[in-house]
Amino acid sequence: MHSPDPLRHGGNRWQVAAALGCRPEALLDASASLVPFGPPASVRRALHRALRGPALRAYPDRGHTALRAALAAHHGLPPEMLLPGNGAAELFTWAARDAAAAGLNLLPQPGFADYDRALACWGAAPCRWNAMPGAALPPERLSDGAAPPDGAATVLWICNPHNPTGALWRREALLPLLERHALVVCDEAFLPLVPGGEAHSLVPLVPGHENLVVIRSLTKLLAVPGLRLGYAVASPARLQRWAGWRDPWPVNGLAAAVAQPALADGRWLRRVQAWVAREGPWLQRQLAALPDLEPLPTSANFLLLRGAQSLEPLRGRLEREHRVLLRSCRSFTGLGPSWLRLSLQDRAGNRRLLRALRQATASTRSASRSARR
Ligand SMILES: Cc1ncc(COP(=O)(O)O)c(C=O)c1O
């Protein structure tokens, strides 16, 4: 049976629960970066309404007319510049098809593994640019130390805020990249969660830049990974081409039905950003007080923890003994086992996370002391 590598993504609640012999709900999943108190009531209500109407029984509108209109109104762009998808992940596949044809692909390292998957679909072998914590844009060096290729057509993939570091690139830093690269693919999956983040979105630049693709996700913001909804913002000609390549009904009727009420739910957006502004710095301070762990600064709803040695024993202990899941960083090239990523929880969840970390670091330290004796 095909079984995807569990290390490449967080959120493996079902597999871990089966391995531990517990209910999936018993786990605190800080390995996937979703809003922990979602989905919003507006989405639940829209789903109930949709279940009573044709959304379930009829084939979805292949032109996504209402959904595109809602997304267009949200961003103040013409509907032809928006293409809804089955999460952001599906749209990376089509962006990658264009990217493979446009030139040499430069992927961030460390970065989200799905860009690799999407490029591999089209046989493209990427280079990496250095996106380690503290790195600046434009990339001055590739991750192997070489200078970025001069004169060759290049495709730059960026993620803003960056997964896994949580770094937020400022729009001024991104603007010159549009002049340098044949294509820029900007993943803004987490941007709506970042307080003040929209000021750095590249979406308003799409009308003036044929070579820009922005991909957004509503999955994180609304906490609906089981429903899945994302969209691409790009030139109408590009999106029309993609629409001709994909399967006929990539966005299901229920996902389409929740988008409009969710986008109109300004209270939800404010609540989510207020949570990140409140809990982020609080958790950062608490983590900084723990021995042997260094939390890195972040703008997003997730952060990296660095250890002096491998944090994998700690991660295993958290999982087995505390039912708390953190994201292993072994699949992020450039990071490896001395790093973990964790996502912000509500206050009760953050306290549970900290309690578990305190106990597990103490047990891990005493186990390694006994092993040395
Ligand atoms: C940076 C980044 N972009 C996109 C996605 C995928 O978004 P979606 O669930 O909407 O496909 C993820 C999922 O973890 C992600 O981390």
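What follows draws every value from the coordinates through simple rules; no lab data is involved. Quantities reported herein were computed from a predicted structural model and do not represent experimental measurements. No Cβ is skipped: glycine too gets one built from the backbone with ideal geometry, and neighbour counts run over all protein chains shown.
A few notes on this one:
- Rel. contact order, % - alpha carbon contacts under 8 angstrom, at least six apart, the chain: 23 percent
- Between the helical axis of 87-102 and the longest alpha-carbon principal axis of the chain there is an angle of about 70 degrees.
- Sparsely packed trypsin sites (Lys or Arg not before Pro) within region 30-65, loop by DSSP, other Cβ within 10 Å at most 11: ARG57, ARG62
- Global size of region 97-152: 11.5, 32 Å for Rg and Dmax (C-alpha atoms, Rg to one decimal, Dmax whole).
- Extension gain (nm, one decimal) between HIS9 and HIS74, 0.36 nm per residue minus Cα-Cα: 20.4 nm
- Under a 5 Å amide H cut-off, with hydrogens placed 1.01 Å from N, LEU293 pairs with nothing among residues at least 5 apart or on other chains.
- The DSSP beta bridges internal to region 41-264 are antiparallel in roughly 35% of cases.
- Cα-based equivalent ellipsoid of region 206-275: semi-axis lengths in Å, sorted from largest, via gyration tensor: 25, 17, 9
- Taking the C-alpha atoms only, the angle from helix 266-288 to the longest principal axis of the chain is near 30 degrees.
- Computed from backbone phi with θ = phi - 60° and the Karplus coefficients 6.51, -1.76 and 1.60, the 3J(HN,Hα) list for region 126-143 is x, 9, 10, 10, 6, 10, 5, x, x, 5, 10, 10, x, x, 7, 9, 7, 5 Hz; x is used for glycine and proline.
- Nearest-ten-degree value, helix 312-322 long axis tilted from longest Cα axis of the chain: 90 degrees
- Kirkwood-based Rg to Rh ratio, region 41-264, C-alpha trace: 0.97
- 11 Å beta-carbon shell around PRO250, net charge (K/R +1, D/E -1): +1
- Computed on the Cα atoms alone, the convex hull of region 237-373 gives a volume of 186 cubic angstrom per residue.
- Sorting the segments 151-160, 81-90 by their residues' average number of neighbouring beta-carbon atoms within 10 angstrom, most packed first, yields 81-90, 151-160.
- When the charge dipole of region 209-322 is built from unit charges on Cβ atoms (+1 for Lys and Arg, -1 for Asp and Glu) and taken about the Cα centre, the candidate among LEU212, GLN309, HIS322 whose Cα reaches farthest toward its positive end is LEU212.
- Residue-averaged [θ]222 nm for the chain, counting only DSSP H segments that reach four residues, each worth -39500 (n - 2.57): -12000 deg cm²/dmol
- Scalar couplings 3J(HN,Hα) for region 107-123, obtained by applying the Karplus form with A = 6.51, B = -1.76, C = 1.60 to θ = phi - 60°, are 9, x, 10, x, x, 5, 5, 5, 5, 5, 4, 5, 5, 4, 4, 10, x Hz; x denotes Gly and Pro.
- Sites ALA277 and ALA120, calculated FRET efficiency, Cβ-Cβ separation with R0 41 Å, nearest 0.05: 0.60
- GluC sites (Glu not before Pro) restricted to region 163-216 and DSSP loop, no more than 13 other C-beta within 10 Å: GLU210
- HN-Hα J in Hz across region 344-354 - Karplus 6.51, -1.76, 1.60, θ = phi - 60°, x for Gly and Pro: 4, 10, 6, 4, 5, x, 5, 5, 4, 4, 5
- With both labels modelled 7 Å from their Cα along Cα-to-Cβ, the LEU175 to ALA237 distance reads 2.6 nm.
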